[in-house]
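Here's the structure, in structure tokens; my notes come after.
The values are calculated or read from the model by the stated rules, or taken from the named source; none is laboratory data. Everything numeric in this text was worked out from a predicted model, so none of it was measured. Cβ sites come from the backbone with ideal geometry, for glycine too, and all protein chains shown count toward neighbours.
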Amino acid sequence: MQNNFYPINLDISDINVLIIGLGTVGYRKLCSIIDICKNIKIVSLDISKDKLTKISARQNIHYEIKKYESYDIDGYDMVFACTDDDETQRQILSDISTAQKSRFILANFCKHQENSNFANMSSIQTDDYAIAITTYGNDPKLSKNIREKLENFPLY
């Protein structure tokens with residue numbers, strides 16, 4: 001299988017990010033960008049009290065507890081589709097495809113990676129360096145396992 005991904009570091013501080021679905025995967029995506037992005041919106045049918053308490057305290061996060069609607073992607077540059085609902089996933093894919101006729105949207109479909117135009121990397125980050133591991137979205141658990149082994153590897 002050909003890999004069409006190009007590894008890159010992006011400054012996403014000024015990118016408007018939409019996360020659809022705030023289950024385990026959506027929350028993990030949120031935690032990875034929460035201190036970087038200035039504008040994050042969450043659309044989810046359900047948000048646990050614990051998660052709601054954490055996100056309510058943040059100025060850079062806005063949320064709506066509701067079903068995803070096509071207009072939700074308006075003005076967003078990066079979309080994480082983290083819902084388990086296949087019908088909603090298809091709608092998001094259709095909406096992004098339509099929107100991309102006039103602008104580019106970074107899209108990550110957590111359940112259907114084949115629809116994504118980017119894949120997250122498991123990474124080790126320090127002030128001095130970063131190491132990123134990817135399986136191109138095919139096996140996130142393997143990426144995590146490799147990262148955890150590298151975290152315990154002596155550098156000197």
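Scanning region 10-53 for residues that are polar (S, T, N, Q) and under 22 Å from residue 139 (Cβ atoms), which turns out surrounded by the most Cβ atoms within 10 Å (Cβ to Cβ)? Please lay out each step first, then the result.
Looking only at region 10-53, we keep the residues that are polar (S, T, N, Q), and these are 13, 16, 24, 32, 39, 44, 48, 53.
When the remaining residues are screened for being under 22 Å from residue 139 (Cβ atoms), the result is 24, 32.
Numbers: 24: 10, 32: 14.
Residue satisfying both the conditions and the ranking: 32.
When you look at residue 141, is it part of a loop (DSSP other than H, G, I, E, B) and more than 19 Å from residue 40 (Cβ to Cβ), yes or no?
On the way: part of a loop (DSSP other than H, G, I, E, B): no; more than 19 Å from residue 40 (Cβ to Cβ): yes.
Here the answer is no, as residue 141 does not meet what is asked.
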In region 115-134, anything under 15 Å from residue 148 (Cα atoms) and in contact with a strand residue (DSSP E or B) (Cβ under 9 Å, 6 or more places away or on another chain) is listed as 121, 122, 123, 124, 125, 130, 131, 132, 133, 134
Residue hits (region 83-139; out of contact with any Ser or Thr (no Cβ under 7 Å at 6 or more places or on another chain), among the hydroxyl-bearing types (Ser, Thr, Tyr) and in contact (Cβ under 8 Å) with a residue 40 or more places away in the chain) are 83, 88, 136
So, first residue on the phi > 0 side of the Ramachandran plot and in the same structural domain as residue 23 (by TED's automatic domain parsing) in region 48-68, second residue surrounded by fewer than 12 Cβ atoms within 10 Å (Cβ to Cβ) and not in a loop (DSSP other than H, G, I, E, B), Cβ within less than 6 Å, six or more apart or across chains; the pairs are none
Residue pairs within 6 Å by beta carbon, gap of at least six or interchain, first lying in region 19-35 and under 8 Å from residue 80 (Cα atoms), second assigned to a loop (DSSP other than H, G, I, E, B), listed first then second, are 20/68; 20/83; 26/82
